[in-house]
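Participant: This is the structure I want to talk about, given as C-alpha coordinates.
The values are calculated or read from the model by the stated rules, or taken from the named source; none is laboratory data. Since this is a predicted model, take the numbers as computed values, not measurements. Remember, those area values only see protein heavy atoms, side chains included, never the ligands or the DNA or RNA. Shrake-Rupley method; radii C 1.70, N 1.55, O 1.52, S 1.80 Å.
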Amino acid sequence: MKIAVCVKQVPDTTSPRRLDPATSRLDRSGEGAINATDINAVEEALRIKEAHGGEVVVVSFGPTKALDSLRKALAMGADRAILVSDEAAAGSDLVATSYALAKALERESADLVLFGQQSSDSDGAVLWSAVADRLRRPLVSQVADLGIDGATVTGKRQTEFGYDV
(Lines give C-alpha, C1' and ligand atoms only; values in the text may rest on other atoms or scores of the structure.)
Protein backbone atom coordinates (compact mmCIF):
# COMPACT_ATOMS: atom_id res chain seq x y z
CA MET A 1 0.00 0.00 0.00
CA LYS A 2 1.33 3.43 -0.93
CA ILE A 3 0.32 6.19 1.49
CA ALA A 4 0.95 9.83 0.61
CA VAL A 5 0.95 12.43 3.37
CA CYS A 6 0.79 16.13 2.57
CA VAL A 7 2.83 18.23 4.98
CA LYS A 8 3.37 21.95 5.29
CA GLN A 9 6.26 24.02 6.56
CA VAL A 10 4.78 26.71 8.81
CA PRO A 11 6.35 29.48 10.88
CA ASP A 12 7.43 28.23 14.30
CA THR A 13 4.50 28.87 16.64
CA THR A 14 6.84 30.16 19.36
CA SER A 15 8.10 33.07 17.25
CA PRO A 16 6.07 36.24 16.73
CA ARG A 17 4.13 36.52 13.48
CA ARG A 18 4.17 39.54 11.27
CA LEU A 19 3.12 40.50 7.78
CA ASP A 20 5.73 41.42 5.22
CA PRO A 21 4.91 45.06 4.39
CA ALA A 22 6.14 44.65 0.80
CA THR A 23 3.90 41.69 -0.06
CA SER A 24 1.18 41.82 2.64
CA ARG A 25 1.86 38.10 3.17
CA LEU A 26 2.90 36.28 6.31
CA ASP A 27 6.61 36.76 6.88
CA ARG A 28 8.16 33.30 6.67
CA SER A 29 11.77 34.38 7.04
CA GLY A 30 12.11 33.13 10.63
CA GLU A 31 12.33 29.60 11.95
CA GLY A 32 9.92 27.10 10.46
CA ALA A 33 8.54 23.75 11.55
CA ILE A 34 6.40 20.95 10.24
CA ASN A 35 2.73 21.74 10.87
CA ALA A 36 1.61 20.04 14.10
CA THR A 37 -1.46 18.27 12.72
CA ASP A 38 0.58 17.06 9.75
CA ILE A 39 2.82 15.26 12.24
CA ASN A 40 -0.29 13.34 13.33
CA ALA A 41 -0.97 12.38 9.72
CA VAL A 42 2.62 11.16 9.24
CA GLU A 43 2.38 9.10 12.44
CA GLU A 44 -0.90 7.56 11.25
CA ALA A 45 0.64 6.69 7.88
CA LEU A 46 3.58 5.03 9.62
CA ARG A 47 1.18 3.06 11.84
CA ILE A 48 -0.69 1.84 8.77
CA LYS A 49 2.58 0.93 7.04
CA GLU A 50 3.69 -1.05 10.08
CA ALA A 51 0.43 -2.98 10.16
CA HIS A 52 -0.09 -3.49 6.41
CA GLY A 53 3.27 -2.88 4.74
CA GLY A 54 3.91 -0.50 1.89
CA GLU A 55 5.48 2.89 1.49
CA VAL A 56 4.96 6.33 3.02
CA VAL A 57 5.65 9.30 0.75
CA VAL A 58 5.49 12.83 2.16
CA VAL A 59 4.59 15.62 -0.25
CA SER A 60 4.91 19.36 0.24
CA PHE A 61 4.34 22.47 -1.87
CA GLY A 62 6.45 25.46 -0.93
CA PRO A 63 9.87 27.07 -0.96
CA THR A 64 13.10 25.09 -0.59
CA LYS A 65 12.94 25.88 3.12
CA ALA A 66 10.11 23.31 3.28
CA LEU A 67 12.78 20.63 2.91
CA ASP A 68 13.30 20.99 6.68
CA SER A 69 9.78 19.65 7.31
CA LEU A 70 10.25 16.87 4.78
CA ARG A 71 13.50 15.86 6.49
CA LYS A 72 11.65 15.68 9.82
CA ALA A 73 9.04 13.38 8.26
CA LEU A 74 11.82 11.22 6.80
CA ALA A 75 13.46 11.08 10.24
CA MET A 76 10.13 9.89 11.65
CA GLY A 77 10.20 6.96 9.21
CA ALA A 78 8.72 8.12 5.90
CA ASP A 79 10.29 6.38 2.90
CA ARG A 80 10.45 9.23 0.40
CA ALA A 81 9.79 12.95 0.15
CA ILE A 82 8.64 15.14 -2.71
CA LEU A 83 8.88 18.92 -2.71
CA VAL A 84 6.99 20.86 -5.37
CA SER A 85 8.68 24.24 -5.45
CA ASP A 86 8.76 27.27 -7.72
CA GLU A 87 9.62 30.83 -6.66
CA ALA A 88 6.90 32.08 -9.00
CA ALA A 89 4.35 30.22 -6.83
CA ALA A 90 5.17 32.20 -3.67
CA GLY A 91 1.97 33.25 -1.94
CA SER A 92 -0.20 30.83 -3.91
CA ASP A 93 -3.84 30.63 -2.93
CA LEU A 94 -5.98 27.54 -2.34
CA VAL A 95 -6.70 27.09 -6.05
CA ALA A 96 -3.04 27.03 -7.11
CA THR A 97 -1.90 25.02 -4.09
CA SER A 98 -4.57 22.35 -4.55
CA TYR A 99 -3.69 22.10 -8.24
CA ALA A 100 0.04 21.64 -7.59
CA LEU A 101 -0.51 19.06 -4.85
CA ALA A 102 -3.11 17.17 -6.89
CA LYS A 103 -0.71 16.91 -9.84
CA ALA A 104 2.08 15.58 -7.60
CA LEU A 105 -0.29 13.11 -5.93
CA GLU A 106 -1.62 11.99 -9.32
CA ARG A 107 1.92 11.05 -10.37
CA GLU A 108 2.41 9.04 -7.18
CA SER A 109 -0.81 7.01 -7.59
CA ALA A 110 -1.14 6.57 -3.83
CA ASP A 111 -3.73 4.19 -2.44
CA LEU A 112 -4.44 6.54 0.46
CA VAL A 113 -3.75 10.26 0.94
CA LEU A 114 -3.63 11.80 4.42
CA PHE A 115 -3.62 15.44 5.50
CA GLY A 116 -3.47 17.08 8.90
CA GLN A 117 -6.66 18.82 9.97
CA GLN A 118 -5.45 22.35 9.23
CA SER A 119 -2.30 24.42 9.18
CA SER A 120 -1.33 26.66 12.06
CA ASP A 121 -0.48 29.58 9.77
CA SER A 122 -3.85 29.92 8.05
CA ASP A 123 -6.33 27.63 9.84
CA GLY A 124 -8.27 27.21 6.60
CA ALA A 125 -9.00 23.47 6.97
CA VAL A 126 -10.16 23.16 3.34
CA LEU A 127 -7.08 22.24 1.30
CA TRP A 128 -7.70 18.51 1.67
CA SER A 129 -11.22 18.84 0.24
CA ALA A 130 -9.98 20.90 -2.72
CA VAL A 131 -7.29 18.30 -3.49
CA ALA A 132 -9.79 15.43 -3.16
CA ASP A 133 -12.11 17.24 -5.56
CA ARG A 134 -9.33 17.71 -8.11
CA LEU A 135 -8.38 14.04 -7.82
CA ARG A 136 -12.05 12.96 -7.97
CA ARG A 137 -11.51 10.84 -4.85
CA PRO A 138 -13.74 10.40 -1.82
CA LEU A 139 -12.71 11.96 1.47
CA VAL A 140 -13.45 11.71 5.13
CA SER A 141 -12.50 14.66 7.31
CA GLN A 142 -11.72 15.03 11.01
CA VAL A 143 -11.07 11.32 11.45
CA ALA A 144 -10.32 10.28 15.04
CA ASP A 145 -9.93 6.57 14.27
CA LEU A 146 -8.86 5.13 10.93
CA GLY A 147 -9.21 1.43 10.13
CA ILE A 148 -8.07 -0.54 7.11
CA ASP A 149 -9.28 -4.00 6.16
CA GLY A 150 -8.01 -5.06 2.75
CA ALA A 151 -9.23 -2.45 0.28
CA THR A 152 -11.75 -0.98 2.74
CA VAL A 153 -10.97 2.13 4.74
CA THR A 154 -13.17 3.06 7.70
CA GLY A 155 -13.05 6.41 9.41
CA LYS A 156 -14.68 7.32 12.70
CA ARG A 157 -15.24 10.96 13.59
CA GLN A 158 -16.92 12.70 16.45
CA THR A 159 -19.89 14.97 15.80
CA GLU A 160 -22.23 16.91 18.03
CA PHE A 161 -24.58 13.89 17.89
CA GLY A 162 -22.04 11.16 18.65
CA TYR A 163 -19.84 9.40 16.14
CA ASP A 164 -20.09 9.00 12.39
CA VAL A 165 -18.48 5.90 10.85
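Participant: Taking H as built 1.01 Å from N, whose amide H comes closer than 5 Å to the amide H of Gly32, not counting residues under 5 places away?
Facilitator: Asp12
Participant: Determine how large the accessible area of Leu74 is when every protein chain is in place; take a 1.4 Å probe and give Å² rounded to the nearest 10.
Facilitator: Looks like 70 Å² after rounding.
Participant: With θ set to phi - 60°, apply the Karplus curve 6.51 cos²θ - 1.76 cosθ + 1.60 along the range 73-86 and write out the HN-Hα couplings as whole Hz, x wherever there is a Gly or Pro.
Facilitator: Going residue by residue, I get 5, 5, 5, 6, x, 4, 7, 9, 9, 10, 10, 9, 9, 7 Hz, with x marking Gly and Pro.
Participant: Ignoring any ligand, DNA or RNA, what whole percent of the accessible area of the range 46-165 comes from carbon and sulfur when the probe is 1.4 angstrom? All intermediate terms of the calculation are to be shown ahead of the outcome.
Facilitator: Numbers: 3570 of 7210 Å².
On the range 46-165, the fraction of accessible area on carbon and sulfur atoms equals 49 percent.
Participant: Give the cross-link partners of Lys72 among the lysines, using a straight C-alpha distance below 27 Å as the criterion and excluding same-chain residues fewer than 8 apart.
Facilitator: Partners within reach: Lys2, Lys8, Lys49, Lys103.
Participant: Val113: accessible area at probe 1.4 Å, nearest 10 Å²?
Facilitator: Counting only protein heavy atoms, the figure is 40 Å².
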